[in-house]
Every structure is written in C-alpha cells, then in structure tokens.
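The values are calculated or read from the model by the stated rules, or taken from the named source; none is laboratory data. Note that this is a predicted model, so its numbers are computed, not measured. Cβ atoms come from the backbone with ideal geometry, glycine included; neighbour counts cover every protein chain shown.
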Amino acid sequence: MTLEIVLFVIFALVCLVSGILMVTRVNPVISALFLVVNFGSLAGLYLTLNAQFIAVAQVIIYAGAIMVFFLFVIMLINPEHEKRFLEYKPQLKIFAVAIAVLVFLQIAYIILFSKPSEGVSREVAASVKAGTIEQIGRELFTKYVLPFEAVGYLLLSAAIGALVLAKKKFK
Amino acid sequence: MQIPIEYYLILSAALFMTGIVGVLIRRNAIIVFMSIELMLNSANLTLITFSSYLGNSIGQIFVFFVMAVAAAEAAIGLAIIIALFRNKLTVNLDEINIFKW
C-alpha cells in the first residue's frame, strides 16, 4: 500500500459518500454543504492525478464561488419542506435507482472489458508537466486563445442575463 | 505501483450515476441543479484522468472551459429559479407545469 493508493481510496470514499448523502438529504442547506465536501475531495483526487492548477481552481471556483451562490439562493427563497426520501411516489424512485444501477454496471463492465490500462501507462514526468500552471497557461494563451475569449463573452452574457432574469417581474 | 486508470473511470461513472439519480428522484429545483453540477464534475474527473495518464494538458484546458460554462449555467439557472419562485412561490418541479397545458 503506497501513499498514492491510500489517498485515492480516502478521497474516493469521501467523494462517493458525500455525493450519495447530497442526493438523499431532505434539507437543501445540508445537501449544499455535502456538495462542498464532494468538491473538496474531488480537488484532492485531482492532486493525486498531478493536476495542481485544476485542483486549486476547483476549490476556488466550485467550492468557493458557485456553492456560495447556491447557499445564498437557498437561504433567499427558503424552499418549503420537501417530502422525505422514498415517501413520495416510491415506485418511481425505486425504478429510477434501479435503472441508474443497471447503467452503472454496464459502464463498469465496458470499462473493465476494454482494459484501458493496457493502452495507457502514466509516465510521471509527463503527467506532472501537463498539470503545471505554466503548461496550461502557455496552451491557453497561444493555441486556445480564441475559445478563451469566447468564454469571457459567455460569462459576460451570463451575468447580464442573470440580472435581467432576476429583475424582471412576470405578469 | 501506480493506480490503474479503471479505478478513476469507475469512480467517475459512479458519481455520474449519483447525479442522475438526484435529477430523477428529487423534486426540489435547487437540488436538481446541484445534481447537474455533480454530473459536470464527474465528467471533469474523466477528462483529467485521461489528461494525466496521457501526459497531455488539453484535457485540463477543457476542464477549465467546463468550469467557466458551469459558472455561467449556475448564474442563469439560479436566476430562473428566483424568477419562478417569485411567480409561483414554489420550487417544486411537479408544481411548475405552465408549459404542460
């Protein structure tokens, strides 16, 4: 058992358990807090994959900005009490969970059947180099500068659209 | 010994299915939205896994763009939810049925 595997197991367990708890909690505030835990453990998983820049961006953008926004909206509109898990339309929910488990088993079978680890083997030096902020910034501002600018305009239009939508009174 | 790539892919598939279950069984619009964020993150995990295992940073650049699009989507979606709540005083998706008739 190397440290890498120990870290992977810890982060993967935290990730899965907090995801499942996020889906099953009745109170939306507790759900949002479990989603923060999930995003934090995903940032840890990104670190085990040598993606330092994306791990930091995950914590800042997702766990910081987006989840604060979610919590803000939850506390602003204070949604009414939702019926407990599996109380309302239980057959439909059991059916949905069964379908999801079935599809997951299919995906897992395909992943294990195709044996991707025979085709790709991680070279640590190349993997570390690919995740540095230097390499990502170099690619982003040379080869992918047009999509980068387009994303800037997308964010601007989203900010304006959110203002317009939240301001307008529907009659 | 390094971790086989299958572990990351299966973890990502499990997270994606958790998100799908959340979208299907929950009736609170905000929690449905958070489940969509969970699915976006599981796709990000797959992209970063392949990026790391192939030693190629294009996957991580794509994840950067996915994060920007997710931020835009969260802003617009939550604004829509606030507008709906103002209009109908509920975020229950079963009661938001003005397009059904």
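Which residue out of A:ALA130, A:ALA108 is facing another protein chain (nearest Cβ under 9 Å) and modelled with pLDDT of 90 or more? Outline the logic, then answer.
Values: A:ALA130 fails: modelled with pLDDT of 90 or more.
It is A:ALA108.
Report whether or not A:GLY119 is farther than 22 Å from B:THR49 by Cα and surrounded by fewer than 12 Cβ atoms within 10 Å (Cβ to Cβ).
Here the answer is no, as A:GLY119 does not meet what is asked.
Do you know which of the residues in the range A:44-67 that are closer than 18 Å to B:THR46 by Cβ and more than 10 Å from every other protein chain (Cβ to nearest Cβ) is surrounded by the fewest Cβ atoms within 10 Å (Cβ to Cβ)?
A:LEU47
Does A:PHE85 satisfy the criteria of being at pLDDT 90 or above, facing chain B (nearest Cβ under 8 Å) and touching a helix residue (DSSP H, G or I) at 6+ places or on another chain (Cβ under 8 Å)?
It is false that A:PHE85 is at pLDDT 90 or above, facing chain B (nearest Cβ under 8 Å) and touching a helix residue (DSSP H, G or I) at 6+ places or on another chain (Cβ under 8 Å).
Can you confirm whether the range B:50-58 contains a residue that is free of Cβ contacts under 8 Å to residues at least 60 places away in the same chain and closer than 22 Å to A:VAL37 by Cα?
Taking the range B:50-58 first, the residues free of Cβ contacts under 8 Å to residues at least 60 places away in the same chain are B:50-58.
Now narrow it down to the ones that are closer than 22 Å to A:VAL37 by Cα: none.
No, the range B:50-58 has no match at all.
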